[in-house]
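Here is the structure we will look at.
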Amino acid sequence: MQIHSRRVFLGAVAAGSTALAGCGLLGDDGPEPAPQPDALQPLLDEALALAGAYDRVILATPNLAARLTPLAEDHRAHATELTKVIGAAVASVAPSASAPAGATDTTATLRKAEQSAQKTAAAACKAAPRERAALVGSIAACRATHAEALR
């Protein structure tokens, strides 16, 4: 008698599982949710934006190129390293020769952007796991140094 009731029970479980899978409760019928962006993505975005801002100032004021090019290159190096850590693809970290200067692109606006970006990097460093903290801390320190160099 137990064998018969066990077969009935197992049959009911199998039928119920098939029904649930058929209505999408157990199956993979829908698209997978988009992966969450990496916590370092804002630092990467800022590094690229800062490099572009430097390029615009250099194009508008070529006599500042010797002073500003190394700072822009630092941001490109940061973008390259962040890209490796995140595993993301970046369109380009090369200097932009066609970036038109905006009316507000000056060394003073670069300094403000560096100060803001340094705060972002410092906060990210505090939240980063230890295997990422050294890179993020280095970026924060570099941004603080840039802000001082732009005085």
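Computed on protein heavy atoms with a 1.4 Å probe, the accessible areas place Leu40, Leu59 in the order Leu59, Leu40, largest first.
For Arg132, the solvent-accessible surface with a 1.4 Å probe is about 50 Å², rounded to the nearest 10.
Rounded to the nearest 10 square angstrom, Ser138 shows an accessible area of 70 square angstrom against a 1.4 Å probe. What the Cβ-Cβ distance of Glu148 and Gln36 gives, at R0 = 30 Å and to the nearest 0.05, is a FRET efficiency of 0.30. Using only the Cα atoms of segment 37-88, build the gyration tensor, take square roots of its eigenvalues as a ≥ b ≥ c, and label the shape rounded, prolate or oblate: rounded if a/c is under 1.5, else prolate if a/b is larger than b/c, else oblate. Verdict is prolate for segment 37-88.
The values are calculated or read from the model by the stated rules, or taken from the named source; none is laboratory data. Bear in mind the structure is a predicted one, so any value in this text is a computation, not a measurement. Every residue, glycine as well, gets a Cβ built from its backbone with ideal geometry; the counts of neighbours run over all protein chains shown. Ligands, DNA and RNA are excluded from the accessible area calculation, which covers all protein heavy atoms including side chains. Shrake-Rupley method; radii C 1.70, N 1.55, O 1.52, S 1.80 Å.
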